[in-house]
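The values are calculated or read from the model by the stated rules, or taken from the named source; none is laboratory data. All figures in this text were calculated on a predicted structure; none of them were measured in a lab. For neighbour counting, all protein chains shown are included, and Cβ atoms are generated from backbone atoms with ideal geometry for every residue, glycine included.
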């Protein structure tokens, strides 16, 4: 069997219904009846870049959270470099770096360096290794000047760089990004994308899976695109193949056709 | 990557989490000074209360060698260990949830129990400092008796208390994992302990049936042991019943609470509510 960077086999995820009032006390025992992912299967090669696209609630973040071991799949199996995310979470976490587009994900009163030292230590780097790695990443990400400033004083763009530096501290082979440019202005987002493409994927051969609503970003970064809708995987192919299969001129048009066609088929 | 034995790596991580909390606390410089003077005011109010309520009847109810001021000061100072144990795990979980760092902590090579244990070190260290300040003010200004206290015995009682209370703290964190807030585990334990645990009055003043209830909660053994060690100068041998009682609670609470915590953690990964608050 070929070793993929990521491999999903018939992954399903159901959540319990959202309860309120006294019914919320039943939460720990309520049944998993709300589908979020249904029968998702695909593989990602080492060094490949795959984008997840789809409307809000399509299941993109759920899928990424399963890959990061933050969620357990209800059925099926997700593997990162051969390790099962449900059965071998510690081994999976050694392989992955994770960054979300939220801008409050650090200890605000600690400096950037203190934050990175904390996360490096929690990823089993010794103090000396952590200090060396932080200097390397600071040079790579251009945040050397900011390391001794409190995280709360950094701009959103710099917080993103810091978040990416944190995700790369332990040299992960798979990078998982959830809407990485969500709160960035267009110029900062473009710079961030160039950086990902040239310095992370290009220079280090890191496998990248990311979710995004920005189709220009998807076209710039992704080798393949997985289209999710209502928890179903509607397509997973190269941009060119998706456009040609739908006869669309743009990715936006292709997505509309794929989603409309799926809605017609399911009635 | 570190090739050190796993317990060394775990100790290093615990120290890192302690340093994180210390660094955050240092960034609020005025808080420590306020803490110092709050302890003075609390010690002063117990002193004047004790002057008001001191009587031969009360004196007979207290442990040998204790006046009401020192009895209440030890009760209040060490009762806080229970409050901190119940709040520390909850607090670190809530803080990480609210600042958005929890997901990122959980994708590191460190398990949630180690993160929670490390996050409880600073609150315990701060409380120990506050307790020392309480007692220091009491001794310097209001005649709290330090001479002859069995400090080693007090430390052993304290260690056993922290183990017993931590089991309850983990139980409380399990509740918070599932239900997010409004923690009745804390409310019941703290409420019951403050009424029957002997914080402000000896349990001998309670109705007999409540005295039996007091024997079922760890804080009773903790405060008895502390007062015996500090105020009555009890030997280690005399402290053994209190220490043994606390260790029995720890032996029961710790495995049960770890099992419940593991279930709660798994459940949040099933329901997708791990980072909700």
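What number of residues within region A:132-141 satisfy the criterion of being touching a residue at least 40 places away in the same chain (Cβ under 8 Å) and within 11 Å of another protein chain (Cβ to nearest Cβ)? Steps first, answer last, please.
Going through region A:132-141, the residues touching a residue at least 40 places away in the same chain (Cβ under 8 Å) turn out to be A:140-141.
Pick out the ones that are also within 11 Å of another protein chain (Cβ to nearest Cβ) and you get none.
Final tally of qualifying residues: 0.
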Inset, instruction - Report yes if some residue within region A:82-101 is outside any helix (DSSP H, G or I), touching a strand residue (DSSP E or B) at 6+ places or on another chain (Cβ under 8 Å), in contact (Cβ under 8 Å) with a residue 12 or more places away in the chain and within 25 Å of residue A:242 (Cβ to Cβ); otherwise report no. - result: yes
Inset, instruction - Please name all residue pairs, on different chains or six or more residues apart, with Cβ atoms under 9 Å, provided the first residue is in region A:4-19 and is on the phi > 0 side of the Ramachandran plot and the second residue is buried (at least 18 other Cβ atoms within 10 Å of the Cβ). - result: A:10/A:40; A:10/A:76
Inset, instruction - Evaluate region B:86-93: report whether one residue or more is surrounded by 21 or more Cβ atoms within 10 Å (Cβ to Cβ) and within 14 Å of chain A (Cβ to nearest Cβ). - result: yes
Inset, instruction - Check every one of the strands (runs of 3 or more DSSP E) wholly within region A:180-267 and list those with 1 or more residues that are closer than 30 Å to residue A:139 by Cα and touching a strand residue (DSSP E or B) at 6+ places or on another chain (Cβ under 8 Å). - result: A:207-211
Inset, instruction - From A:51, A:90, A:36, grab the single residue that is more than 14 Å from chain B (Cβ to nearest Cβ) and either surrounded by 16 or more Cβ atoms within 10 Å (Cβ to Cβ) or over 30 Å from residue A:17 (Cβ atoms) (or both). - result: A:51
Inset, instruction - Just give me the residues in region A:102-128 being more than 10 Å from chain B (Cβ to nearest Cβ) and in contact (Cβ under 8 Å) with a residue 40 or more places away in the chain, in sequence order. - result: A:112, A:116
Legend entry - Of all residues in region A:145-161 being more than 11 Å from chain B (Cβ to nearest Cβ) and within 15 Å of residue A:117 (Cβ to Cβ), the one that is surrounded by the most Cβ atoms within 10 Å (Cβ to Cβ): A:146
Legend entry - Index of the failed condition, residue B:167 passing every other in (1) at pLDDT 85 or above; (2) farther than 28 Å from residue B:234 by Cα; (3) under 13 Å from the mean Cα position of the chain (by Cα): (2)
Legend entry - Residues within region B:244-277 that are assigned to a loop (DSSP other than H, G, I, E, B) and within 9 Å of another protein chain (Cβ to nearest Cβ), tallied: 4
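Please tell me if residue B:158 is in contact (Cβ under 8 Å) with a residue 40 or more places away in the chain, within 15 Å of the chain's Cα centre (by Cα), part of a helix (DSSP H, G or I) and buried (at least 18 other Cβ atoms within 10 Å of the Cβ). Reasoning before the result, please.
On the way: in contact (Cβ under 8 Å) with a residue 40 or more places away in the chain: yes; within 15 Å of the chain's Cα centre (by Cα): yes; part of a helix (DSSP H, G or I): yes; buried (at least 18 other Cβ atoms within 10 Å of the Cβ): yes.
So residue B:158 passes the test.
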Legend entry - Complete set of residues in region B:102-123 that are in a loop (DSSP other than H, G, I, E, B) and crowded, with 22+ Cβ neighbours inside 10 Å: B:107, B:108, B:110
Inset, instruction - Filter region B:15-41 down to residues that are facing chain A (nearest Cβ under 10 Å) and in a helix (DSSP H, G or I), then give me how many there are. - result: 10
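For (1) within 30 Å of residue A:12 (Cα to Cα); (2) without any contact (Cβ under 8 Å) to a residue 60 or more places away in the chain, each residue gets a yes or a no:
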position: A:130; (1), (2): no, yes
position: A:144; (1), (2): no, yes
position: A:147; (1), (2): no, yes
position: A:154; (1), (2): no, yes
position: A:206; (1), (2): yes, no
position: A:213; (1), (2): yes, no
position: A:237; (1), (2): yes, yes
